[in-house]
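Okay, so here's the structure we're looking at.
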Amino acid sequence: MFRQGEPGRKFYVIESGTVEVWVRHQGAGEPVLEAELGRGDYFGERALLGDDPRAATCRCKTRVQVLSLDRADFSALVARRFQLLRSTPLFAGLEEDAITVISHRLHSETHPSGRDIIIQGEPGDKFYLIDSGTVEVLVRDDEGNEIKVAELERGDYFGERALLSDIPRTATCRSKTSVRVLSVGKE
């Protein structure tokens, strides 16, 4: 895919196959296999973020299909995520470096209209930030009826309470429209 030391031109997300990450450490002879990446993993961002040369050689171990973004599209994506985080009250007081770290850990998910993203009573494993669309927040009463208690839109977030307090989900969050969210796992 690319060699250590080359300029970075693209960011990659693996659709299928396995990519090996080889690094030649300073003063060492042969490169060392540092990682094997598979479906859903991504690579190539470091050289684009810092305008640095490639820090590793990435080779296809198997037949690989990837999605790629060139530098301009990648920069636009990073700027959009950064702006979304900066405008969210939960993150507004953080330093720029902290927001940058968080933005790199976010995963994009798309949910069609009418899909339960989280379900009341289930354990919490992710935090969600709405990038586009509308999410309904529903709470089940003692008779099992769902009561709509809120509607959330771009910049709103949900799922944090179960993660912070280590309790089951306190509500169901359902996409009212097609929704794109950014998520980050509990860890």
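The values are calculated or read from the model by the stated rules, or taken from the named source; none is laboratory data. None of the values given here were measured: they were computed from a predicted structure. Note that each Cβ is placed from the backbone with ideal geometry, even for glycine, and that neighbours are counted across all protein chains shown. Please note that ligands, DNA and RNA were not included when accessible areas were found on the heavy atoms of the full protein model with its side chains. Shrake-Rupley method; radii C 1.70, N 1.55, O 1.52, S 1.80 Å.
Accessible surface computed residue by residue for region 1-73, with neighbouring protein chains in place and a 1.4 Å probe, gives 64 Å² per residue.
Amide H to amide H, with H built 1.01 Å from N, Gly8 comes under 5 Å of Arg54, counting only residues 5 or more places away or on other chains. Given R0 = 41 Å, the distance between the Cβ atoms of Ser68 and Asp116 translates into a calculated FRET efficiency of 0.80. Whole-Hz Karplus values for region 51-68 come out as 6, 9, x, 4, 8, 8, 9, 10, 10, 6, 7, 10, 4, 10, 10, 10, 9, 9 Hz, taken residue by residue from phi with 6.51 cos²θ - 1.76 cosθ + 1.60 and θ = phi - 60°; glycine and proline positions read x. Accessible area per residue for region 127-187, computed on protein heavy atoms with a 1.4 Å probe, is 53 Å².
Measuring between alpha carbons in the structure, the pairs from Lys10/Lys176; Lys10/Lys126; Lys126/Lys148 lying more than 32 angstrom apart are Lys10/Lys176. Rolled with a 1.4 Å probe across the full set of protein chains, the surface gives Ser108 an accessible area near 70 Å². GluC sites (Glu not before Pro) within region 99-164: which are DSSP loop residues with at most 14 other Cβ atoms inside 10 Å? Qualifying residues, ordered by number: Glu143, Glu153.
Coupling constants for region 107-121 follow from the phi torsions by the Karplus curve (6.51 cos²θ - 1.76 cosθ + 1.60, θ = phi - 60°), and in residue order they are 10, 8, 9, 10, 10, x, 4, x, 8, 6, 8, 10, 10, 3, x Hz; glycine and proline get x. Taking 0.36 nm per residue of separation and subtracting the Cα-Cα distance, full extension of the segment from Ala150 to Thr100 would add 15.1 nm.
Less than 5 angstrom separates the built amide H of Ser132 from those of Arg180, all sequence-distant by 5 or more or on a different chain. The distance between label points at Ala28 and Ala92 comes to 4.6 nm (points 7 Å beyond Cα on the Cα→Cβ vector).
When the surface is traced with a 1.4 Å probe over the full set of protein chains, Arg80 keeps roughly 100 Å² accessible. Grouping the Cα pair distances of the chain into 5 Å bins from zero gives a pair-distance distribution of 1, 7, 13, 15, 16, 14, 11, 9, 6, 3, 2, 1, 0, 0 percent in increasing distance order.
Treating r as the C-beta distance of His107 and Gln4 and R0 as 25 Å, the FRET efficiency rounds to 0.40.
Here the Karplus relation 6.51 cos²θ - 1.76 cosθ + 1.60, evaluated at θ = phi - 60°, turns the backbone of region 173-187 into coupling constants of 10, 10, 5, 7, 10, 4, 10, 10, 10, 10, 10, 9, x, 4, 4 Hz, with x for every Gly and Pro. Counting 0.36 nm for each residue step from Glu160 to Lys176 and taking away their Cα separation leaves a gain of 3.8 nm.
Picking from Ile117, Ile102, Ile147, which is most flexible by a Gaussian network model of the chain using Cα springs under 10 Å? Highest fluctuation among the options: Ile147. First compute the accessible area of region 1-145 with a 1.4 Å probe, then give the percent of it belonging to carbon and sulfur atoms. Within region 1-145, the accessible surface is 48 percent carbon and sulfur. The calculated FRET efficiency for Leu49 paired with Ile167, based on their beta-carbon distance and R0 = 41 Å, is about 0.70. Any idea what angle helix 71-87 forms with the longest principal axis of the chain, computed on alpha-carbon atoms, 0 to 90 degrees, nearest 10? The two axes meet at around 40 degrees.
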